[in-house]
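Readers should treat all values here as calculations from the given coordinates under stated rules, not as data from a laboratory. Note that the structure is predicted; figures quoted are calculated from it, not measured. Here the Cβ is made from the backbone with ideal geometry for all residues, glycine too, and neighbour counts use every protein chain on show.
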Amino acid sequence: MQDLLKIVPFGPDTNYHKQLRFVLGHGDFEPGGEYKRTTVIQNVNLLTPELIEEINLLIVKHGQQVAGHQEGDQLKTRCDSFVVETDVHYPTDLNLLYDCIRTLIRECKKRNLKGWRQSHHWLKKIRKLFFSVRTAQLANRRLDQVQAYLKACDHILERASASWDRLREKKKIKAKKHRQIQGFLKCGRLLSRQADRRILQGETIPADEKIYSVFEPHTRWIQKGKAGKPVELGVPVCIVEDQHQFVLTYRVMWQEEDVHVAIPILEETKKLFPDLFSCSFDKGFHNPLNQEKLREISNSH
């Protein structure tokens, strides 16, 4: 829920939007009833995923009745997936490493950690080295510049690791914050090694080893072959939609592909909506095993 609050702005909409105030039980001219951000956070956190699913089911079934769907009528559905894009820049190991380093320097400066008096100077130096290797074309990129950039980044990573370890030993940092910093340190070391392997040693980094965002590590590199948009950065979501354009079920595919979710999402939809009669899929969901299992599900009902 905390992640949701970062995306959805609760402010003027919650306090002044007439329709939303009506849903909350306030009249047009009723004074008071202003909601502070803390109140919203505390109440939204009371909504469990199970409760949200129940509310969603009630809304969909009521909407189907309004659309003229009667109990026992056949539900004709389609299953499709789309990408929910994350707010990230185009990822390379060099600029993602820079993201890690500048974040660590900023966090160390914010805490006024010992040994970070020259943090502003180090950040300027890292930025200068980064832009020198980023702007150069691959064919013209000087290896000594890359080596200097990686060496400076490794130096910051070592200093940051030692500083936060000392802070942890003195129990002056919360466990959540420590895990966050350790995540940046881990990503920084990984990206530094990958940049060394790719640029200095000429290796090709396997796709399953790559990171596409430091701040949103769930981001995936997705190629769906769309015209004008060959690559999308985000997380795919699979939905089942009925003929009335209501979304019956959904599934966030953190690591899965379309072929992996075809059977589970259809079984879940059939369980919630027994009137399900048919479901169409595009070719991305097809494989022989799925075809066989779908035939078994159809025959069993």
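Put simply, the Cα atoms of the range 155-301 extend 63, 42, 28 Å along their principal axes, the longest span coming first. In plain terms, the residue of TRP164, TRP122 with the fewest other Cβ atoms within 10 Å comes first and the most crowded comes last, giving TRP122, TRP164.
Only helices enter the 222 nm calculation for the chain: every DSSP H run of n ≥ 4 contributes -39,500 (n - 2.57), and dividing by all residues gives -16500 deg cm²/dmol, rounded to 500.
Charged side chains reduced to their Cβ positions (Lys and Arg at +1, Asp and Glu at -1) give the chain a dipole of some 2880 debye around its Cα centre.
Look at the dipole of the chain built from charges on Cβ: of LEU276, GLN74, ILE263, the Cα furthest out on the positive end belongs to ILE263. Taking 24 Å as the limit for the C-alpha separation, the pairs LYS109/LYS177; LYS125/LYS186; LYS114/LYS151; LYS18/LYS61; LYS61/LYS293 exceed it in the case of LYS18/LYS61; LYS61/LYS293. Note on ASP165, ASP282: ascending count of other Cβ atoms within 10 Å places them as ASP282, ASP165, the fewest first. I need the shape label for the range 162-225. Rule: rounded when a/c is under 1.5, else prolate if a/b > b/c, else oblate, with a, b, c from the alpha carbon gyration tensor. Cα axes put the range 162-225 in the oblate bin. Oblate is the label for the range 235-301, because the ratio a/c of its alpha-carbon gyration tensor axes (a ≥ b ≥ c) is 1.5 or higher and a/b is not greater than b/c.
Simple spin-label estimate for GLN180 and LYS36 gives 2.2 nm between the two label positions (7 Å along the Cα-to-Cβ direction from each Cα).
The residue list ILE173, LEU143, ILE126 was ranked by how far each Cα lies along the charge dipole of the range 93-209 toward its positive end, using unit charges on Cβ atoms, and ILE173 comes out on top. Shown is the FRET efficiency for ASP196 and ARG220, computed with R0 = 35 Å from the Cβ-Cβ distance and rounded to the nearest 0.05: 0.90. In whole Å, what is the distance between the alpha-carbon centres of the range 199-236 and the range 54-121? Cα centroid of the range 199-236 versus Cα centroid of the range 54-121: 16 Å apart. Here the convex hull built on the C-alpha positions of the range 87-232 has a volume of 130 cubic angstrom per residue.
Treating r as the C-beta distance of LEU51 and VAL247 and R0 as 22 Å, the FRET efficiency rounds to 0.80. For the chain, the spherically averaged projection of the C-alpha convex hull amounts to 23.0 nm². With the simple spin-label model, which puts each label point 7 Å out from Cα in the Cβ direction, the GLN70 to GLU256 separation comes to 3.5 nm.
If R0 is 30 Å, the Cβ-Cβ spacing of VAL237 and THR135 corresponds to a FRET efficiency of close to 0.25.
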